[in-house]
Amino acid sequence: MVRPKPKTFDKQKIVAENRRARFDYTIEDTFEAGLALQGTEVKALRAGEASIAESYAEVKDGEVWLVNSNIPEYSHGNRQNHEPRRPRKLLLHAREIGRMFGAVERKGMTLVPLSIYFNGQGRAKVELALAKGKQAHDKRQSIKERDWKRDKARLLRERG
């Protein structure tokens, strides 16, 4: 019997967030994946230095890789410092990888990282989303909804 996973992830400290992803994509499903990191990468993440704005994930040979994410070199690192934009392996269950692979191949979906964070046990995690790209008219609709929510909150605040 498989233990059900919690819907919300235990995010203690968010290091990097891809806020643009929720605007550009319709999020279908989210996964929590571990990151295979080198020593100086963990120190750079703990210092709060990372960027996943233009990164994506891909399934290759039964493994998932985070491509084009930027974790800058650690300032106090030595000659064994890491390469900032190297592909990083994501740690997932085989069943999750199979599900992602099927969705990407058949449905034309994309794997987009939403955030990098440290969980309650101090491990670096990536919130990965299975997403479908939005059309221009969908983006305009989401802008309208966001503006209406802001105006509605302002009106309610003014009237008490």
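Does V64 qualify as being buried (at least 16 other Cβ atoms within 10 Å of the Cβ), in contact with a Ser or Thr (Cβ under 9 Å, 6 or more places away or on another chain) and not hydroxyl-bearing (S, T, Y)? Full working, then the answer.
Working: buried (at least 16 other Cβ atoms within 10 Å of the Cβ): yes; in contact with a Ser or Thr (Cβ under 9 Å, 6 or more places away or on another chain): no; not hydroxyl-bearing (S, T, Y): yes.
Spelling it out, it is not the case that V64 is buried (at least 16 other Cβ atoms within 10 Å of the Cβ), in contact with a Ser or Thr (Cβ under 9 Å, 6 or more places away or on another chain) and not hydroxyl-bearing (S, T, Y).
For segment 124-160, give me each residue that is under 14 Å from A57 (Cβ atoms) and either out of contact with any Pro (no Cβ under 9 Å at 6 or more places or on another chain) or outside any strand (DSSP E or B) (or both). Even if it seems obvious, please write down each step before you answer.
Taking segment 124-160 as the starting set, the residues that turn out to be under 14 Å from A57 (Cβ atoms) are 125-131.
Result: K125, L130, A131.
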(request) Being part of a loop (DSSP other than H, G, I, E, B), out of contact with any Leu (no Cβ under 8 Å at 6 or more places or on another chain), farther than 22 Å from D10 by Cα and open to solvent by less than 100 Å² (accessible area, probe 1.4 Å) narrows it down to one of G102, G108, so name that one. (result) G108
(request) Return yes or no: is V59 open to solvent by 20 Å² or more (accessible area, probe 1.4 Å), of a type in the set (A, V, I, L, M, F, W, C) and in contact with a helix residue (DSSP H, G or I) (Cβ under 7 Å, 6 or more places away or on another chain)? (result) yes
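Can you confirm whether R106 is more than 17 Å from the chain's Cα centre (by Cα), modelled with pLDDT under 90 and within 30 Å of H137 (Cβ to Cβ)? Write out each step before concluding.
Working: more than 17 Å from the chain's Cα centre (by Cα): yes; modelled with pLDDT under 90: yes; within 30 Å of H137 (Cβ to Cβ): yes.
Criteria met by R106.
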(message) Contact list please: Cβ distance under 8 Å, first residue in segment 140-160 and within 18 Å of D24 (Cβ to Cβ) and of a type outside the set (K, R), second residue open to solvent by less than 100 Å² (accessible area, probe 1.4 Å) and assigned to a helix (DSSP H, G or I), pairs at least six apart or on different chains.
(response) S142/F23
(request) Could you list, in sequence order, all residues of segment 38-90 that are farther than 22 Å from V104 by Cα, of a type in the set (K, R) and free of Cβ contacts under 8 Å to residues at least 40 places away in the same chain? (result) K43, R79, R85, R86
(message) With at pLDDT 90 or above, open to solvent by 50 Å² or more (accessible area, probe 1.4 Å) and more than 13 Å from A16 (Cα to Cα) as the only criterion, which of E32, E96, E73 stands out?
(response) E32
(request) Kindly list the number of the only condition in (1) without any contact (Cβ under 8 Å) to a residue 12 or more places away in the chain; (2) not in a loop (DSSP other than H, G, I, E, B) that fails for Q121. (result) (2)
(message) Pairs needed: first member in segment 13-37, basic (K, R); second member anywhere, open to solvent by less than 20 Å² (accessible area, probe 1.4 Å); C-beta distance under 7 Å; at least 6 residues apart or different chains.
(response) K13/Y117; K13/F118
(request) Working only within segment 111-149, note down all residues that are modelled with pLDDT of 90 or more and of a type in the set (S, T, Y). (result) S115, Y117
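The values are calculated or read from the model by the stated rules, or taken from the named source; none is laboratory data. Being a predicted model, the structure only gives us computed values, none of them experimental. Positions of Cβ are backbone-derived with ideal geometry, glycine not excepted, and every protein chain shown enters the neighbour counts. We work out accessible area using only protein heavy atoms, side chains counted, and drop any ligands, DNA or RNA first. Shrake-Rupley method; radii C 1.70, N 1.55, O 1.52, S 1.80 Å.
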